[in-house]
1. Just checking, does the range 68-87 include any residue being over 33 Å from the mean Cα position of the chain (by Cα) and open to solvent by less than 70 Å² (accessible area, probe 1.4 Å)?
2. Mind listing whichever residues of the range 116-137 are under 25 Å from Ser163 (Cα atoms), outside any strand (DSSP E or B), open to solvent by 30 Å² or more (accessible area, probe 1.4 Å) and of a type outside the set (Lys, Arg)?
3. Any idea which of (1) open to solvent by 90 Å² or more (accessible area, probe 1.4 Å); (2) assigned to a helix (DSSP H, G or I) is the one Phe40 doesn't satisfy?
4. Under the condition of being over 20 Å from the mean Cα position of the chain (by Cα) and outside any loop (DSSP other than H, G, I, E, B), which residue from the range 214-228 is modelled with the lowest pLDDT?
5. Only one residue in Thr150, Thr158 is farther than 25 Å from Ala225 by Cβ, among the hydroxyl-bearing types (Ser, Thr, Tyr) and surrounded by fewer than 20 Cβ atoms within 10 Å (Cβ to Cβ), so which one is that?
6. Looking only at the range 219-234, how many residues end up being surrounded by fewer than 16 Cβ atoms within 10 Å (Cβ to Cβ) and either basic (Lys, Arg) or within 16 Å of Ser163 (Cα to Cα) (or both)?
7. At pLDDT 85 or above, surrounded by 19 or more Cβ atoms within 10 Å (Cβ to Cβ), basic (Lys, Arg) and at negative phi: is that true of Arg187 in this structure?
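The values are calculated or read from the model by the stated rules, or taken from the named source; none is laboratory data. No experiment lies behind these values; they were computed from the predicted model shown. FYI the Cβ positions are ideal-geometry reconstructions off the backbone, even for glycines, and counts take in every protein chain you see. Please note that ligands, DNA and RNA were not included when accessible areas were found on the heavy atoms of the full protein model with its side chains. Shrake-Rupley method; radii C 1.70, N 1.55, O 1.52, S 1.80 Å.
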Amino acid sequence: MLKYPDVRRDETFHEDYHGHKVHDPYRWLEDPDSEETKKFVEEQNNVTVPFLNEYSKKSALLDRLTEMWNYPKFTCPFKRGERFYYFMNTGLQNQNVLYVQDSLDGEPRIFFDQNALSEDGTVALHSYKFSENGKLFAYALSDAGSDWVTIRVKDVETDKDLSDVLHRVKFSCIAWTHDNLGFFYNRYAEDDGNRADGRDTGSNLNQKLYYHRLGAEQSEDVLCAEFPDEPKWMSGVELSDCGRYVLLSISEGCDPDQTNPLLIRIDTRSGHGAGKPTSKKIEEAADQLNFIVQTLHVDGVF
């Protein structure tokens with residue numbers, strides 16, 4: 001019979017939620033660096049791993065799943081700049097590979113291979129965005145499934161990375177300005193208790209929106225938006241088709257019931273993040289369209 005490891009209950013710990021005491025006897029397990037947590041995890045593995053290894057059907061299941069999954073997979077092609085791109089997996093690769101073609105009937109070649117970033121395939125392309133002219137490729141890398149990412153920029157023509165490296169990025173947009181000189185992104189400050197090593201167990205607070213100009217140090221990035229009175233707010237940015245306006249959509253955490261956005265217009269002609277923005281909390285999809293149209297001064301729609 002399996003003997004599950006004993007786990008300590010801390011009956012003294014509780015939190016007060018609106019006057020109600022809520023006990024959490026296993027809160028100590030949320031500290032992944034404590035010796036007691038490490039010991040408990042090791043004891044769990046000592047029970048689980050031998051059990052799985054002794055299962056007689058394990059090899060047969062693995063062989064069948066491998067056989068079923070081993071076939072080429074493609075995504076739909078898309079055009080950026082003058083080139084065409086698509087992702088493909090030959091069958092058993094850890095990560096999909098991004099291919100590029102100079103024309104629809106051109107010879108495909110590898111543009112970005114995530115599998116070459118680490119031996120075990122755990123460094124992955126989290127998100128990416130091509131510049132407006134398609135000549136630059138900003139991409140965010142995640143290590144071992146962490147939401148914390150590092151943003152780099154690649155020159156499409158030379159296939160070389162630029163010097164730009166952005167850290168402490170999480171739940172971030174990548175939105176290029178139409179002059180192709182930089183992009184907006186989100187990051188957290190080091191002094192807000194936000195750990196960027198993928199082992200944080202608390203909430204990430206006080207996300208900020210920055211503008212990064214290519215070639216500049218991250219310390220020189222322009223702070224465009226922050227909400228100190230609403231520490232749980234997170235933002236996403238997109239630019240209008242004309243490239244003159246930034247639309248900043250705000251949500252509170254990841255709760256689907258808290259995603260009514262606050263849209264903020266910033267006229268990029270006044271400088272990135274400069275001037276007092278126009279804002280409105282959006283309750284309905286029709287209101288969202290109406291606000292965008294009105295703030296961008298589009299006539300003849302409403």
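1. We begin by selecting, within the range 68-87, every residue over 33 Å from the mean Cα position of the chain (by Cα); these are none.
Looking through the range 68-87, none of the residues is over 33 Å from the mean Cα position of the chain (by Cα) and open to solvent by less than 70 Å² (accessible area, probe 1.4 Å).
2. Narrowing the range 116-137 to residues under 25 Å from Ser163 (Cα atoms): 116-119, 121-137.
This time we only want the ones that are outside any strand (DSSP E or B), so: 116-119, 121-122, 131-135.
Of the ones still in play, those that are also open to solvent by 30 Å² or more (accessible area, probe 1.4 Å) are 116-117, 119, 122, 132-133, 135.
Within the range 116-137, Ala116, Leu117, Glu119, Thr122, Glu132, Asn133 qualify.
3. (1) is the only condition that Phe40 fails.
4. Val222
5. Details: Thr150 fails: farther than 25 Å from Ala225 by Cβ.
Exactly one residue qualifies, and that residue is Thr158.
6. Pass one, the range 219-234, residues surrounded by fewer than 16 Cβ atoms within 10 Å (Cβ to Cβ): 219-220, 223, 228-231.
Still in the list and also either basic (Lys, Arg) or within 16 Å of Ser163 (Cα to Cα) (or both): 219-220.
Residues that pass the stated criteria total 2.
7. Working: at pLDDT 85 or above: yes; surrounded by 19 or more Cβ atoms within 10 Å (Cβ to Cβ): yes; basic (Lys, Arg): yes; at negative phi: yes.
Against the criterion (at pLDDT 85 or above, surrounded by 19 or more Cβ atoms within 10 Å (Cβ to Cβ), basic (Lys, Arg) and at negative phi), Arg187 qualifies.
The rows are residues; the columns are (1) within 19 Å of the chain's Cα centre (by Cα); (2) at pLDDT 85 or above.
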site	(1), (2)
Lys170	yes, yes
Ile174	yes, yes
Ser240	no, no
Pro256	yes, no
